[in-house]
Amino acid sequence: MIQVEDWAEIRRLHRAEEMPIRAIARHLGISKNTVKRALSTDRPPVYSRPLKGSAVDMVEPQIRELLKQTPTMPTTVIAERIGWERGMTILKDRVRELRPAYLPVDPVSRTTYRPGELAQCDLWFPPVDIPLGYGQQGRPPVLVMVSGYSRIITARMLPTRMTGDLIDGHWQLLKEWAAVPRILVWDNEAGIGQGKVTADFAAFAGMLATKVFLCRPRDPEAKGLVERANGYLETSFLPGRTFSGPADFNTQLAAWLTIANRRIHRTLGTRPIDRWEADLAGMLPLPPVDPPRWFRFHTRLGRDHYIRVDTVDYSVHPLAIGKRIQVSTDADEVIAVLSPGGAVVARHPRCWAKHQTITDPDHARTAKALRGDFRHRLASQARQAAVTSDLIEVEQRQLDTYDQVFTSHEDHTGVDDSEGEEF
């Protein structure tokens, strides 16, 4: 078989140098028929090994019949039905080739979106260590949202992937948009819902009057917009940047997204910002009031006067010990109020580091004063008890009373002290 290099040289000599076939054959030392075959086609020669027969050929009709009846039948079951006793590799290869012909057609067409119709959401985990304070570093999740019609991207780093933090993250991003898409598309993220939307996130969606659509498992094409946005962030935003903390990360990200949303989008052929006005017109308005901090709980404050949020302990004013308090949290603050009453008994910045204890100096001073007062009261009570015991009257007996008691005892035992002998 002629080599690709010889084929190319023959065509060059004939077309560029205008050499006749006989001269080319003599120059390259090959036959004239070889030169003619090379000049008869515009495609380079491709070596192909002649196909040999396979042991599966004999049972292919049976395989086809089984796949016709049940297209999803496992190869192991097919092997059992046809009495296959050879290696499974060649059988699996043949079944893999034949099966698509018997499966129902699942075409993929280009998806178009109406203005305001939906936004795809996902968590992106940047492969870079972020300083979290207290000497710790971590890789917190970044909530990414992409509007389907305009392809506008918005994103924000969150402390955790828990439901409360996800709700707060959605609210912060939607406030930047000043509108709510009619559908929020999510995969099976645990904080959103797996097969069914969690109760807290369903309540949040109800407040927004939007719908949450959970994609089928193992179906990445269903939210390809946000998947590509994650890759865009990783390759275009992240390289060459350093961050002093989560707040610095969010500040740099917001500034970069302002520029990114003004670049020409390859698929749309226009800038996302140019379609944003029409996109907003199709969205829902924000609710008139802010949602409550969704990461909240009630508890009765113990003597330890600390509450735990995620893995961090926060101090509460000691005067609230023994009372019920409500704790509410977002990505920025941890607040505790008396329940009922509403008086604030703790307010701390949210700590992103793990396993820390955050103490308000005022809480510590008050606790120290209360401990001193408590010890003083105990000492006062002890002194008062001593004084009271001195005032109690005690009966005074004559000494001969004890002589009479012991004499009566000896009479009963029958002992004579004077003689010292037994009866």
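FYI, it's all coordinate maths here, none of it is from the lab. As the structure is a computational prediction, the values presented were derived from the model and not from experiment. Note that each Cβ is placed from the backbone with ideal geometry, even for glycine, and that neighbours are counted across all protein chains shown.
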Normalised contact order of the chain, rounded percent, pairs of Cα under 8 Å and 6 or more residues apart: 11 percent
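Around residue 86, what is the net charge, scoring Lys/Arg as +1 and Asp/Glu as -1 over all other residues with Cβ under 14 Å from its Cβ?
Details: positive: 92, 94; negative: 57, 60, 80, 85, 93.
Local net charge: -3.
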For segment 272-362: relative contact order, % (alpha-carbon pairs under 8 angstrom, 6 or more apart): 24 percent
Derived scalar couplings ³J(HN,Hα) [segment 256-273; Karplus, 6.51 cos²θ - 1.76 cosθ + 1.60; whole Hz; x for Gly, Pro]: 5, 5, 4, 6, 4, 6, 10, 8, 5, 7, 4, 6, 6, x, 8, 7, x, 5
Charge dipole of the chain about the Cα centre (unit charges at C-beta), most positive-ward option of 319, 280, 130: 280
5 angstrom amide H check on residue 122, placed H, neighbours 5+ away: 144
Equivalent-ellipsoid semi-axes of segment 241-342, from the Cα gyration tensor, Å, largest first: 43, 20, 8
Lysine pair count for the chain [Cα-Cα under 27 Å; pairs on different chains or 8 or more apart]: 11
Vicinal HN-Hα couplings computed from phi for segment 2-12 (Karplus, 6.51 cos²θ - 1.76 cosθ + 1.60; Hz; Gly/Pro x): 5, 7, 4, 5, 5, 4, 5, 5, 4, 5, 5
Test item: Cα-centred dipole of the chain, Lys/Arg +1 and Asp/Glu -1 on Cβ, debye: 5220 debye
Environment charge of residue 282, counting only residues whose C-beta is closer than 14 Å and scoring Lys/Arg +1, Asp/Glu -1: 0
Of (i) -0.33, -0.96; (ii) -0.49, -1.03; (iii) -0.68, -1.07, the label for log10 I(q)/I(0) by the Debye sum over Cα atoms at q = 0.07, 0.12 Å⁻¹ derived from the coordinates: (iii)
Test item: Cα-centred dipole of segment 1-158, Lys/Arg +1 and Asp/Glu -1 on Cβ, debye: 520 debye
Positive-pole candidate from 75, 62, 336, dipole of the chain, charges at beta carbon: 62
Charge dipole of the chain about the Cα centre (unit charges at C-beta), most positive-ward option of 382, 250, 102: 102
HN-Hα J in Hz across segment 87-101 - Karplus 6.51, -1.76, 1.60, θ = phi - 60°, x for Gly and Pro: x, 7, 4, 5, 5, 4, 4, 5, 5, 5, 6, 7, 4, x, 5
Built amide H within the under 5 Å cut-off of residue 132, gap 5+: 137, 138
